[in-house]
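*Asks:* Here it is, the structure in full.
Please treat every number below as a calculation from the coordinates, not as lab data. Just so you know, these numbers come straight off a predicted model, no measurement behind them. Note: ideal-geometry Cβ built from the backbone for every residue, glycine included; neighbour counts use all protein chains shown.
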Amino acid sequence: MKIAVIGANGQLGKDICEKIVIANNELIELNHDRIETSNIECVSYVLKEVKPDVVINTAAMHNVEKCENDPERSFKVNGIGARNLSNICNDLNSTLIHISTDYVFDGSKNKPYIEIDKPLPLNVYGNTKLSGEYFIESIAKKYFILRVSGIYGKNPCRAKGTNFVDLMLKLAKERDEIRVVDNEILTPTFTEDIADQIVKILNMDAEYGLYHVTAEGSCSWFEFAREIFSVSKTNIVLNRAAPGEFAIKVNRPKYSVLENKFLNDQNINIMPLWKDGLTRYLNKT
Ligand SMILES: NC(=O)c1ccc[n+]([C@@H]2O[C@H](COP(=O)([O-])OP(=O)(O)OC[C@H]3O[C@@H](n4cnc5c(N)ncnc54)[C@H](OP(=O)(O)O)[C@@H]3O)[C@@H](O)[C@H]2O)c1
C-alpha cells in the first residue's frame, strides 16, 4: 500500500511512519512545509500528485489554550482541514485515517465512553475536532476516525514541545517536591501502541467508521506521575495538588477515559495496559 502521513514529523506521525515501513508499505511523508490541510487547493495538488491508497492525518491545532484564543484558525485546521481531506480522498478513492480526541466528551459520564456516546465538548479544541469528525462522517466514503487520549512518544510533540512523562522527569531534577492534580482521570497512551493498532486496522480490513484507540485502564495525572517515578526509580517527593492550586484557563473534561469497544467487537484490539506502554517508553528513552 502507498500510505501518505500528514504531520509525519510530529510526535505520533513519526511513530506511524516507522511502523508503516516495518509493515512493508510505501511511505510518503507530508510535513507542514509541503501540505497545508486548511487549504483545499494545496491538499488537492499534493494528494493528486502522490495518489496514495491511504492518507493518515495526524495534523491538528491542538494546543488547547491557543485554540481557545483563536477559534477561527482552530476551526480551519481541525474542521475545514478534515473536510478538505475527505473531499480529495473521495476524488482519489483513497482511505482517510484521521486522528481525533477524547476531548470531544465533557466527562460527566464518569465511566468509560464508548463510540456511540454523545459528545459534548467543553472547549474550542474539542468543538473543532468534533466538527472535523462530522465533516468526515458526512463526506468521506472510506474512513477511520481514531480517538486517542493523553499521548506521549519518543519524538517531541511539535505543538507542546514536551510530553507529561518527560516533563515530570525534568521537574524531578529541578525541584525537591512535585505537586500534581488528582482530579482529572485519563488513559495515558504510548504513541507506538497507536501506530501498531493502525497497522492492524489496515491489515485486518476493519470496518470503516469511528473507533476509540487508547491504552487499557485509567489513572489520574497524580497516579500517572507516581508510576513514572516508580518505574524510572526516581526519588522525589510527590504530593497531590490542592483543589484550585493551579489556575484553570480553559475548561477540560475531568474524566475522559475511552473504551475501545468497536475494536473489541471486531476482535482487533491490541492496545496494552497503560502501565505496559509507560514501562516500554521509559526503557527506550
Ligand atoms: N497530545 C495529546 O495528548 C493528544 C491527545 C488526544 C488527541 N491528540 C491528537 O493527536 C494528533 C497528533 O498529535 P501530536 O502530539 O503528534 O502532534 P504534533 O507533534 O504537534 O504534530 C502535529 C503535526 O501536524 C503538523 N500540522 C499542524 N497543523 C497543520 C496543518 N494545518 N497542515 C499540515 N500540517 C499541520 C505539524 O507541523 P508543524 O509543527 O510544522 O506546524 C506537526 O508535524 C492530533 O490530531 C491531536 O489532536 C493529541
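*Asks:* Confirm whether LYS76 is touching a Ser or Thr at 6+ places or on another chain (Cβ under 6 Å), within 14 Å of the ligand (Cβ to nearest atom), farther than 23 Å from VAL213 by Cα and not aliphatic (A, V, I, L, M).
*Replies:* For LYS76, the condition - touching a Ser or Thr at 6+ places or on another chain (Cβ under 6 Å), within 14 Å of the ligand (Cβ to nearest atom), farther than 23 Å from VAL213 by Cα and not aliphatic (A, V, I, L, M) - is met.
*Asks:* How many residues does segment 225-269 hold that are of a type in the set (Val, Ile, Thr), assigned to a loop (DSSP other than H, G, I, E, B) and more than 23 Å from the chain's Cα centre (by Cα)?
*Replies:* Within segment 225-269, residues that are of a type in the set (Val, Ile, Thr), assigned to a loop (DSSP other than H, G, I, E, B) and more than 23 Å from the chain's Cα centre (by Cα) number 2.
*Asks:* Still on this structure, I have one more. For the subset of segment 145-170 comprising residues that are at negative phi and without any contact (Cβ under 8 Å) to a residue 24 or more places away in the chain, which member is nearest to the ligand (Cβ to nearest atom)?
*Replies:* THR162
*Asks:* Looking at SER44, is it surrounded by fewer than 22 Cβ atoms within 10 Å (Cβ to Cβ) and under 18 Å from SER94 (Cβ atoms)?
*Replies:* Here the answer is yes, as SER44 does meet what is asked.
*Asks:* Considering only segment 114-144, state which residues are more than 13 Å from the ligand (Cβ to nearest atom), farther than 14 Å from ASN57 by Cβ and either in contact with an Asp or Glu (Cβ under 7 Å, 6 or more places away or on another chain) or not aliphatic (A, V, I, L, M) (or both).
*Replies:* Residues satisfying the conditions are ILE114, GLU115, ASP117, LYS118, PRO119, LEU120, LEU122, TYR134, GLU137, SER138, LYS141.
*Asks:* Among (1) in contact (Cβ under 8 Å) with a residue 12 or more places away in the chain; (2) out of contact with any Phe, Trp or Tyr (no Cβ under 8 Å at 6 or more places or on another chain); (3) of a type outside the set (Ser, Thr, Tyr); (4) more than 18 Å from PHE246 (Cα to Cα), which single condition is ILE178 missing?
*Replies:* Here ILE178 clears every test but (4).
*Asks:* Among the candidates VAL43, VAL5, single out the residue that is among the aliphatic types (A, V, I, L, M), within 14 Å of the ligand (Cβ to nearest atom) and more than 21 Å from LYS200 (Cβ to Cβ).
*Replies:* VAL43
*Asks:* If you don't mind, another one. Given the conditions (1) assigned to a helix (DSSP H, G or I); (2) more than 23 Å from GLU115 (Cβ to Cβ), report the number of the one that ALA159 does not fulfil.
*Replies:* Condition (1) is where ALA159 drops out.
*Asks:* Give me the residue from segment 50-67 that is under 11 Å from ILE97 (Cβ atoms) and near the ligand (Cβ under 8 Å from one of its atoms) and, out of that set, surrounded by the most Cβ atoms within 10 Å (Cβ to Cβ).
*Replies:* ASN57
*Asks:* Looking at SER220, SER256, SER232, which one is within 21 Å of ILE99 (Cβ to Cβ) and among the polar types (S, T, N, Q)?
*Replies:* SER256
*Asks:* Same structure, new question: Being near the ligand (Cβ under 7 Å from one of its atoms) and charged (D, E, K, R): is that true of ASP15 here?
*Replies:* Answer is no for this residue.
*Asks:* Filter segment 38-70 down to the residues that are in contact (Cβ under 8 Å) with a residue 40 or more places away in the chain, assigned to a helix (DSSP H, G or I) and in contact with a strand residue (DSSP E or B) (Cβ under 7 Å, 6 or more places away or on another chain), then identify the one that is nearest to GLY161 (Cα to Cα).
*Replies:* That would be LEU47.
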